[in-house]
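I have placed the structure first, in the form of structure tokens, so that the comments after it can refer back to it.
The values are calculated or read from the model by the stated rules, or taken from the named source; none is laboratory data. This structure is a prediction, so every number in the text was calculated from the model and none was measured. Neighbour counts are summed over all protein chains in view; Cβ atoms, including those assigned to glycine, are modelled from backbone coordinates with ideal geometry.
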């Protein structure tokens with residue numbers, strides 16, 4: 001697990017992404033005086049029996065404060081771009097509920113292959129303050 005990336009725009013690099021089995025990658029991103037937990041999970045999909053990736057951002061703080069921010073996850077590959085934008089969930093909420101609601105960047109192994117480079121998956125993460 002890597003810790004401590006600073007700034008609102010960072011690259012979250014998940015290494016050895018093609019290892020078999022269920023795996024998790026996590027990192028803390030700090031910006032705007034707050035901390036965010038970035039997670040990428042690789043599991044077997046319950047629906048189709050294939051490997052599946054799920055990425056999300058959790059705000060380390062209350063649900064109310066989490067609503068003051070948005071995040072964007074972006075994957076870039078050869079002539080391809082995949083983007084997910086949402087409000088982070090609070091760390092006080094269970095991350096598995098976000099997975100069950102599909103409230104995050106979700107992709108199957110076949111789609112992920114378009115973005116894997118040298119066994120690594122680079123996710124550009126941007127945190128923004130939501131305007132009133």
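A few comments on the model shown:
- Condition check for residue 59: surrounded by 14 or more Cβ atoms within 10 Å (Cβ to Cβ), within 21 Å of residue 106 (Cβ to Cβ), modelled with pLDDT of 95 or more and touching a helix residue (DSSP H, G or I) at 6+ places or on another chain (Cβ under 7 Å): yes
- Flag if residue 101 is modelled with pLDDT under 95, exposed (fewer than 15 other Cβ atoms within 10 Å of the Cβ) and more than 22 Å from residue 32 (Cα to Cα): yes
- Count of residues meeting criterion [touching a helix residue (DSSP H, G or I) at 6+ places or on another chain (Cβ under 7 Å) and farther than 23 Å from residue 131 by Cα] in segment 75-93: 2
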